[in-house]
Amino acid sequence: MTNSNRLIIFDTTLRDGEQSPGASMTREEKVRIARQLERLRVDVIEAGFAAASPGDFEAIRAIASVIKDSTICSLSRANERDIARAAEALLPAPRKRIHTFIATSPLHMQMKLRMSPEQVLDQARQAIRFARQYTDDIEFSPEDGSRSEEDFLCRVLEAVIAEGATTINFPDTVGYAVPEVFGETIRRLRERIPNSDKAIWSVHCHNDLGLAVANSLAGVTIGGARQIECTINGLGERAGNTALEEVVMAVRTRSDFFNLELGIDTTQIVAASKMVSQITGFAVQPNKAVVGANAFAHASGIHQDGMLKARETYEIMRAEDVGWAATKIVLGKLSGRNAFKQRLQELGIDLQSEEDVNAAFARFKELADRKSEIFDEDIMALVSDEEHASEGEHYRFVALAQQSETGKTPIAKVVFTMDGQEYSCEGEGDGPVDATVNAIEKQAASGAELVLFSINAISNGTESQGEVTMRLSRSGRIVNGVGSDPDIIVASAKAYLSGLNKLHSKIERVNPQL
Ligand code: KIV
Ligand code: ZN
């Protein structure tokens, strides 16, 4: 099995990516991303951790009901309750996988699990035996694998393969590994474990030392792994996970070296990156490989000259191969409802009812009155707004007036609703955004702390909509509010209210790894 040249791409944006503070997504947002991952042709979509919360369970269920081409996976701790919950959420999926894990490092076993190695071994074995009644596609991860003792790993992994685990995923949970050592460890494990050839070996790396992609690739080339777990834009806890776009384009661009087959449609990469960034509020740094705005911009004169003579002088990938050229002006003021609806379909946006389409179309017309060219990114942003509105937001933006002049204190007046009642509040501040937030807080008195504020242009040019992310923190909970508008102060007000809405909703979720 492991000698095959096919490299399986396992995307965990919706599970490990979502564990990133502030990145939580609604069910509709997750379904939208899952559809894009299917268009990208990822082999496996880890849709969530079913036992984490009823919301997570429902999201996996919804994804399992609509995705046909990718295998849908749910994470579960190595216990019967979690595994049964995962199996139930996955019921509608034509192809399903249960991914169960337990920590195997001395530190995690003693300090976190308070279990002896023998107990961990026994629980791992029983978990696989229990999961087998639901599916033949079972993945096992020894959490904190890169800091676990090799002899113990050999015992656990041999046992779970014997019980029927079909994928062994080796995680560098805390991003501690270095490529050669990581790859060699996997190679030795495969060599030492007598039944290792009965499973596909996988890697799952975190980016704390900036080595996630390098470690994953070493796991493949040195270790012989044939599955990489990764996320779009490298989203994930702390410094994130292995970035899908980077491993995929490395393997494809250097196929002379890797000699591996991939099922990915790389032309869908940029759309996936933009969608994930827009939904989670995690902006992509301009110099990010493959999906950053500068990734294919050749600013220096020497490079431009070279590029004009022969593209290959300075470019190793073609922008269109990862989907950059696909961004186009799609609609304008005169576009009708049918054209709008068709574009929604092309973007994989499946609005629930005709009423939702009408509401989104009304927003589109409003935007088209203020902005002559409407891009795909504009449509995605307005659909997100519309989805939040239809979920019955507690806080809702209505209008804003704002004054700022050099030498004078900026003033903002914000009209918004709280639980359906309209309020009009004025505030002053050091700048117009500060005045806007102060105005909202006069009435909302939320007690939230703003911990991050960023503005990005959704598309090109000064006529672009501004997309604002405001990360708010309250009593240990962190959320990202996202708002977009051609007026960046309005976008800021929307982002702040969107953050307050997320804090207001009582999402209680268990982190699988705690
Ligand atoms: O990082 C990790 O160890 C994980 C496991 C659950 C695979 O995410
Ligand atoms: Zn992880």
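The values are calculated or read from the model by the stated rules, or taken from the named source; none is laboratory data. Keep in mind it's a predicted model, so treat the numbers as computed, not measured. As a convention, Cβ positions derive from the backbone with ideal geometry for all residues, glycine included, and neighbour counts pool all protein chains shown. For the accessible areas, the whole protein counts, side chains as well, though only heavy atoms, and no ligand, DNA or RNA atoms are used. Shrake-Rupley method; radii C 1.70, N 1.55, O 1.52, S 1.80 Å.
From Glu393, Glu386, Glu405, which residue is out of contact with any His (no Cβ under 7 Å at 6 or more places or on another chain), within 15 Å of Thr26 (Cα to Cα) and open to solvent by 30 Å² or more (accessible area, probe 1.4 Å)?
Numbers: Glu386 fails: open to solvent by 30 Å² or more (accessible area, probe 1.4 Å); Glu405 fails: within 15 Å of Thr26 (Cα to Cα).
When all the criteria are applied, what remains is Glu393.
Taking the conditions exactly as written (in contact with a strand residue (DSSP E or B) (Cβ under 6 Å, 6 or more places away or on another chain), part of a strand (DSSP E or B) and within 30 Å of Ala78 (Cβ to Cβ)), does Ile455 satisfy them or not?
Numbers: in contact with a strand residue (DSSP E or B) (Cβ under 6 Å, 6 or more places away or on another chain): yes; part of a strand (DSSP E or B): yes; within 30 Å of Ala78 (Cβ to Cβ): no.
Taking the combined requirement at face value, the residue does not satisfy it.
State whether one or more residues within the range 424-438 are in a strand (DSSP E or B), open to solvent by less than 30 Å² (accessible area, probe 1.4 Å) and modelled with pLDDT of 95 or more. Even if it seems obvious, please write down each step before you answer.
The first filter runs over the range 424-438 and keeps only residues in a strand (DSSP E or B), leaving 424-428.
Checking which are open to solvent by less than 30 Å² (accessible area, probe 1.4 Å) leaves us with 425, 427.
If we keep only those that are modelled with pLDDT of 95 or more too, we end up with 425, 427.
Yes.
For Thr100, indicate whether it is open to solvent by less than 10 Å² (accessible area, probe 1.4 Å), under 25 Å from Ser70 (Cβ atoms) and among the hydroxyl-bearing types (Ser, Thr, Tyr).
Values: open to solvent by less than 10 Å² (accessible area, probe 1.4 Å): yes; under 25 Å from Ser70 (Cβ atoms): yes; among the hydroxyl-bearing types (Ser, Thr, Tyr): yes.
Yes, satisfied.
Here is a list: Phe49, Phe57. Which entry is among the aromatic types (Phe, Trp, Tyr) and either open to solvent by 10 Å² or more (accessible area, probe 1.4 Å) or at pLDDT below 95 (or both)?
Sole residue among the options that is among the aromatic types (Phe, Trp, Tyr) and either open to solvent by 10 Å² or more (accessible area, probe 1.4 Å) or at pLDDT below 95 (or both): Phe57.
Pairs under 7 Å by beta carbon, first residue at positive phi in the range 408-422, partner not in a strand (DSSP E or B), six or more apart or different chains?
Partner pairs satisfying both residue conditions: Asp419/His394.
Do we find that Ala23 is small (Gly, Ala, Ser) and either closer than 27 Å to Phe130 by Cα or more than 16 Å from ligand 2 (Cβ to nearest atom) (or both) in this structure?
Details: small (Gly, Ala, Ser): yes; either closer than 27 Å to Phe130 by Cα or more than 16 Å from ligand 2 (Cβ to nearest atom) (or both): no.
So Ala23 fails the test.
Under 9 Å by Cβ, and 6 or more places apart or on different chains, what pairs join a residue from the range 37-62 that is on the phi > 0 side of the Ramachandran plot and in contact (Cβ under 8 Å) with a residue 12 or more places away in the chain with one that is part of a helix (DSSP H, G or I) and surrounded by 24 or more Cβ atoms within 10 Å (Cβ to Cβ)?
Listed by first residue and then by second, the contacts come to Gly48/Glu18; Gly48/Lys30; Gly48/Asp56; Gly48/Ala59; Gly48/Ile60; Gly48/Ile63; Gly48/Ala89.
What do you reckon, is Ile168 open to solvent by less than 50 Å² (accessible area, probe 1.4 Å), within 16 Å of ligand 2 (Cβ to nearest atom), of a type outside the set (Phe, Trp, Tyr) and in contact with a Phe, Trp or Tyr (Cβ under 6 Å, 6 or more places away or on another chain)?
Numbers: open to solvent by less than 50 Å² (accessible area, probe 1.4 Å): yes; within 16 Å of ligand 2 (Cβ to nearest atom): yes; of a type outside the set (Phe, Trp, Tyr): yes; in contact with a Phe, Trp or Tyr (Cβ under 6 Å, 6 or more places away or on another chain): yes.
In short, yes.
Checking Asp56 against (1) within 16 Å of ligand 1 (Cβ to nearest atom); (2) touching a strand residue (DSSP E or B) at 6+ places or on another chain (Cβ under 8 Å); (3) within 16 Å of His204 (Cβ to Cβ), which single condition isn't satisfied?
All conditions pass for Asp56, except number (3).
Which of the residues spanning the range 72-89 are crowded, with 19+ Cβ neighbours inside 10 Å and within 16 Å of ligand 1 (Cβ to nearest atom)? Before you say what the answer is, go through the steps one by one.
Of the residues in the range 72-89, the ones crowded, with 19+ Cβ neighbours inside 10 Å are 72-78, 82-83, 85-87, 89.
Answer for the range 72-89, where residues must be crowded, with 19+ Cβ neighbours inside 10 Å and within 16 Å of ligand 1 (Cβ to nearest atom): Cys73, Ser74, Leu75, Ser76, Arg77, Ala78, Asp82, Ile83, Arg85, Ala86.
Looking only at helices (runs of 4 or more DSSP H) that fall completely inside the range 206-288, which ones have 3 or more residues that are farther than 24 Å from Glu28 by Cβ and within 16 Å of ligand 1 (Cβ to nearest atom)?
On the way: elements: 212-221, 244-253, 255-258, 269-280.
Helices (runs of 4 or more DSSP H) meeting the threshold: 212-221.
Inspect the range 131-138 for any residue being assigned to a helix (DSSP H, G or I), surrounded by 18 or more Cβ atoms within 10 Å (Cβ to Cβ) and away from ligand 2 (no atom under 16 Å from the Cβ) and give the result as yes or no. Walk me through it before giving the result.
Of the range 131-138, the ones assigned to a helix (DSSP H, G or I) are 131.
With the extra rule that they be surrounded by 18 or more Cβ atoms within 10 Å (Cβ to Cβ), the set shrinks to 131.
After this cut, where a residue has to be away from ligand 2 (no atom under 16 Å from the Cβ) as well, the list is 131.
Yes, that holds for at least one residue.
Can Gln119 be described as under 19 Å from Gln513 (Cα atoms) and open to solvent by 10 Å² or more (accessible area, probe 1.4 Å)? First the steps, then the outcome.
On the way: under 19 Å from Gln513 (Cα atoms): yes; open to solvent by 10 Å² or more (accessible area, probe 1.4 Å): yes.
Considered against the rule, which asks whether it is under 19 Å from Gln513 (Cα atoms) and open to solvent by 10 Å² or more (accessible area, probe 1.4 Å), Gln119 comes out as yes.
If the requirement is being of a type outside the set (Gly, Ala, Ser), within 14 Å of ligand 2 (Cβ to nearest atom) and at negative phi, which of these qualifies: Asp197, Asp256, Asp208? Steps first, answer last, please.
Details: Asp197 fails: within 14 Å of ligand 2 (Cβ to nearest atom); Asp256 fails: within 14 Å of ligand 2 (Cβ to nearest atom).
Answer to the check: Asp208.
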